[in-house]
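J.: Have a look at the structure that comes next, please.
The values are calculated or read from the model by the stated rules, or taken from the named source; none is laboratory data. Predicted, not measured: the structure shown is a model, and the values here were computed from it. All Cβ positions, glycine included, derive from the backbone under ideal geometry; neighbour counts span all protein chains shown.
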């Protein structure tokens, strides 16, 4: 399944996907932190999903933190999703 990430943080991310997912479903996301990451679908609005990362290794957590530091901070209106 393909998708486009919208937001990312140390605890999870939001993405638009080509296929439907179910809240509470566990999925594998990649490439995140140069590899695969298990995530739980926490919310869904249409094809926009919120994912919570599960069982990150310390290396993955550090890599995501570094990626987040390099991204611009979103300061606009909330997406409302």
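J.: Among the residues of region 28-81 satisfying the criterion of being surrounded by 15 or more Cβ atoms within 10 Å (Cβ to Cβ) and touching a helix residue (DSSP H, G or I) at 6+ places or on another chain (Cβ under 9 Å), which is modelled with the highest pLDDT?
T.: Among residues in region 28-81 that are surrounded by 15 or more Cβ atoms within 10 Å (Cβ to Cβ) and touching a helix residue (DSSP H, G or I) at 6+ places or on another chain (Cβ under 9 Å), the one modelled with the highest pLDDT is 53.
J.: Quick one: residue 22 ticks every box in (1) assigned to a loop (DSSP other than H, G, I, E, B); (2) loosely packed, with under 11 Cβ neighbours inside 10 Å; (3) at pLDDT below 90 bar one, so which box is it?
T.: So residue 22 meets the others, but not (3).
J.: Taking region 8-19 as the search range and keeping residues that are surrounded by 16 or more Cβ atoms within 10 Å (Cβ to Cβ) and without any contact (Cβ under 8 Å) to a residue 60 or more places away in the chain, which one is farthest from residue 61 (Cα to Cα)?
T.: 17
J.: Condition first: more than 24 Å from residue 70 (Cα to Cα) and out of contact with any strand residue (DSSP E or B) (no Cβ under 6 Å at 6 or more places or on another chain). Now tell me which residues in region 3-58 satisfy that.
T.: Passing the criteria: 18, 19, 20, 22, 24, 44, 45, 46.
J.: Right, here's the next one. Please name all residue pairs, on different chains or six or more residues apart, with Cβ atoms under 6 Å, provided the first residue is in region 32-59 and is over 12 Å from residue 13 (Cβ atoms) and the second residue is modelled with pLDDT of 95 or more and not in a strand (DSSP E or B).
T.: 44/23
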